[in-house]
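The values are calculated or read from the model by the stated rules, or taken from the named source; none is laboratory data. Since the model is a prediction, treat every value here as computed from it, not as a measurement. Glycine also receives a Cβ, built like all others from the backbone with ideal geometry; neighbour counts cover every protein chain displayed. Heavy atoms of the whole protein, side chains included, go into the accessibility calculation; ligands, DNA and RNA do not. Shrake-Rupley method; radii C 1.70, N 1.55, O 1.52, S 1.80 Å.
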Amino acid sequence: MSRKNEIMKKSIGIDYSAYETGGIAFDYEKMMSETGYALEEINEIQSSVSVGNTPVIELRNITALARKMSKTEQAARIFIKDEACNPSGSFKARRAACAVYHAKKLGYKGVLTATSGNYGAAVASQAAMQGLKCIVVQETYDSRKVGQPEILEKQRACEAMGAEVIQLSVGPELFYAFLTLLEETGYFNASLYTPFGIAGVETLGAEIASQFMAKHGRYPDAVLVTHAGGGNVTGTARGLIKAGAKDACVIGVSVDLSGLHMASDQAFNRKSFTTGHTGFGIPFATWPDRSDVPRNAARSLRYLDRYLLVKQGEVFYMTEALAALEGLERGPAGNTSLTAAFALAQEMKDGQIIVVQETEYTGAGKHHMPQLTFARENGIEVKFGEPDAEVPGASIVLPSCPSMIKLRDFDLNKARKSYIKNCLANYNVKEVSDADVKFLAEEIKADTEFVKKVIKELEA
């Protein structure tokens, strides 16, 4: 563990110290430009392996339902970017395409990633295309050796595409095992949080901008992004900006799992979402450098205009609605943002445009019915009623009526203050320089006066 930076440097090929400026600040944009790829290069890399250029689908029936539920009888038009069309069935193929391409370019014999989510299948898929070996490390089981259906489905997907899957129980050993494997194999670390991994998602934002301008003559009013580790928000927002959609409101959405500790053996199987929830969304927003690289390229507070929370039962309800009303069966991650989009549309006017920027494949353990069955088997009460009565780890409450689906704003200023506090604590800074203040303002999308005020409050 004491050699983690040395091992990471060897497995990624990035000297992160070149971007450090001392104190808190580091040169984020220089890191992104020097170690990532230009948007045109990413497009070429992805198109060569059938990644990207996914369709946009208007959800006319769900929009009609939102209009019916709206107090003003108006609602924005809801669209989805159908990322399930990618080879591995999710937007993570965009990140994986860049990571695996980069690994092959540098001469690595294999790639290694630690993930229980769609990224493992994406890396396995791309490794198979590029002729590289692949190992996926999963946090899979609780101490009873019981695994979640969604994670076990992803094990199947990874192995089907030729990857070796190493499974662990919940706890702190994941990172240690990951480092050990990197050192033993000499494989490339296909981290979710490298500059080229984040650059891979920029094409998603750029495609949304170009598709809407081409078909509708305008950019979307709001783009909703399911928020976990921050890469989805960061990459999509950067792509929107690069393509000209600078005024599109970027909104992160997470499932509210307040009170559940993600590294707890007891809580591990008492949640029905393995990603896109507050257990990742809030910690990674307020301290992004908790990741498996020295400096995380996914920095969501730089780009978020609003952060919304939804309930587990609401997401399951909207998953069913998407299938029943639009004929589209898709997995839970994109439906997290779709749930918020349904409620947000009712606050907007006819003709305005909301884009849910991802869908993912579903099937086997990823489907909402086995998830609900698994919840019951673990003592979770599943019922219809008022979603706000839901208690994470104890109950899942599906709304009795779609009018009950609502928006819950997470206070971004609270997250911004937590980020500044974490910076001061983790870097043990005695005096904050002007360069640090400027960096912090950019990091949290605020002005320097806000930063100085928070620092003064924290010192007090």
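Determine, yes or no, whether Glu58 is open to solvent by 10 Å² or more (accessible area, probe 1.4 Å) and acidic (Asp, Glu). Talk me through it step by step, then tell me what you get.
Details: open to solvent by 10 Å² or more (accessible area, probe 1.4 Å): yes; acidic (Asp, Glu): yes.
So Glu58 passes the test.
Give the residue that is surrounded by the most Cβ atoms within 10 Å (Cβ to Cβ), with candidates limited to residues of segment 347-364 that are touching a Leu at 6+ places or on another chain (Cβ under 9 Å) and modelled with pLDDT of 95 or more. So that I can check it myself, show each step before the final result.
Looking only at segment 347-364, we keep the residues that are touching a Leu at 6+ places or on another chain (Cβ under 9 Å), and these are 347, 354-359, 364.
Next, only the ones that are modelled with pLDDT of 95 or more stay: 347, 354-359.
Numbers: Glu347: 15, Ile354: 28, Val355: 29, Val356: 31, Gln357: 30, Glu358: 33, Thr359: 28.
My answer is Glu358.
Taking only pairs six or more apart or across chains, which ones have beta-carbon atoms under 8 Å, a first residue in segment 1-14 that is within 13 Å of Arg295 (Cα to Cα) and open to solvent by 100 Å² or more (accessible area, probe 1.4 Å), and a second residue that is at pLDDT 85 or above and part of a helix (DSSP H, G or I)?
Sorted first by the residue in segment 1-14, then by its partner, the pairs are Lys9/Tyr16.
Among the residues of segment 153-199, count how many are open to solvent by 10 Å² or more (accessible area, probe 1.4 Å), part of a strand (DSSP E or B) and not small (Gly, Ala, Ser).
5
If you take the residues of segment 89-116 that are touching a helix residue (DSSP H, G or I) at 6+ places or on another chain (Cβ under 7 Å) and surrounded by fewer than 23 Cβ atoms within 10 Å (Cβ to Cβ), which of them is nearest to Ile42 (Cα to Cα)?
Lys104
Listed here are the residues, each with its yes/no results for (1) touching a residue at least 40 places away in the same chain (Cβ under 8 Å); (2) part of a loop (DSSP other than H, G, I, E, B); (3) more than 24 Å from Thr115 (Cβ to Cβ); (4) touching a strand residue (DSSP E or B) at 6+ places or on another chain (Cβ under 9 Å).
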site: Gly23; (1), (2), (3), (4): yes, yes, yes, no
site: Lys30; (1), (2), (3), (4): no, no, yes, no
site: Ser33; (1), (2), (3), (4): no, no, yes, no
site: Thr54; (1), (2), (3), (4): yes, yes, no, yes
site: Ala66; (1), (2), (3), (4): yes, no, yes, yes
site: Gln74; (1), (2), (3), (4): yes, yes, yes, no
site: Ser88; (1), (2), (3), (4): yes, yes, no, no
site: Ala96; (1), (2), (3), (4): yes, no, no, yes
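Would you check if Lys430 is open to solvent by 60 Å² or more (accessible area, probe 1.4 Å), in contact (Cβ under 8 Å) with a residue 40 or more places away in the chain, among the basic types (Lys, Arg) and more than 30 Å from Phe268 (Cα to Cα)? Spell out the reasoning first.
Numbers: open to solvent by 60 Å² or more (accessible area, probe 1.4 Å): yes; in contact (Cβ under 8 Å) with a residue 40 or more places away in the chain: no; among the basic types (Lys, Arg): yes; more than 30 Å from Phe268 (Cα to Cα): yes.
Spelling it out, it is not the case that Lys430 is open to solvent by 60 Å² or more (accessible area, probe 1.4 Å), in contact (Cβ under 8 Å) with a residue 40 or more places away in the chain, among the basic types (Lys, Arg) and more than 30 Å from Phe268 (Cα to Cα).
I'm checking my understanding of the structure. Among residues of segment 40-52 that are part of a helix (DSSP H, G or I) and among the hydrophobic types (A, V, I, L, M, F, W, C), which one is surrounded by the most Cβ atoms within 10 Å (Cβ to Cβ)? Steps first, please.
So the first thing to find is which residues in segment 40-52 are part of a helix (DSSP H, G or I), and the list is 40-47.
Now restrict to residues that are among the hydrophobic types (A, V, I, L, M, F, W, C): 42, 45.
On the way: Ile42: 26, Ile45: 23.
Here the residue is Ile42.
Can you give me the number of residues within segment 310-342 that are surrounded by fewer than 23 Cβ atoms within 10 Å (Cβ to Cβ), touching a residue at least 60 places away in the same chain (Cβ under 8 Å) and closer than 23 Å to Val391 by Cβ?
Summing the residues that are surrounded by fewer than 23 Cβ atoms within 10 Å (Cβ to Cβ), touching a residue at least 60 places away in the same chain (Cβ under 8 Å) and closer than 23 Å to Val391 by Cβ in segment 310-342 gives 0.
Just give me the residues in segment 240-266 being open to solvent by less than 40 Å² (accessible area, probe 1.4 Å), in a helix (DSSP H, G or I) and at pLDDT below 90, in sequence order.
Passing the criteria: none in range.
Being of a type in the set (Ser, Thr, Tyr) and within 20 Å of the chain's Cα centre (by Cα) is the filter; apply it to segment 340-377 and report the residue that is farthest from Cys85 (Cα to Cα).
Going residue by residue through segment 340-377, those that are of a type in the set (Ser, Thr, Tyr) are 359, 361-362, 373.
Add one more test, that the residue is within 20 Å of the chain's Cα centre (by Cα), and what stays is 359, 361-362.
On the way: Thr359: 9, Tyr361: 8, Thr362: 12 Å.
Ranking the candidates gives Thr362 first.
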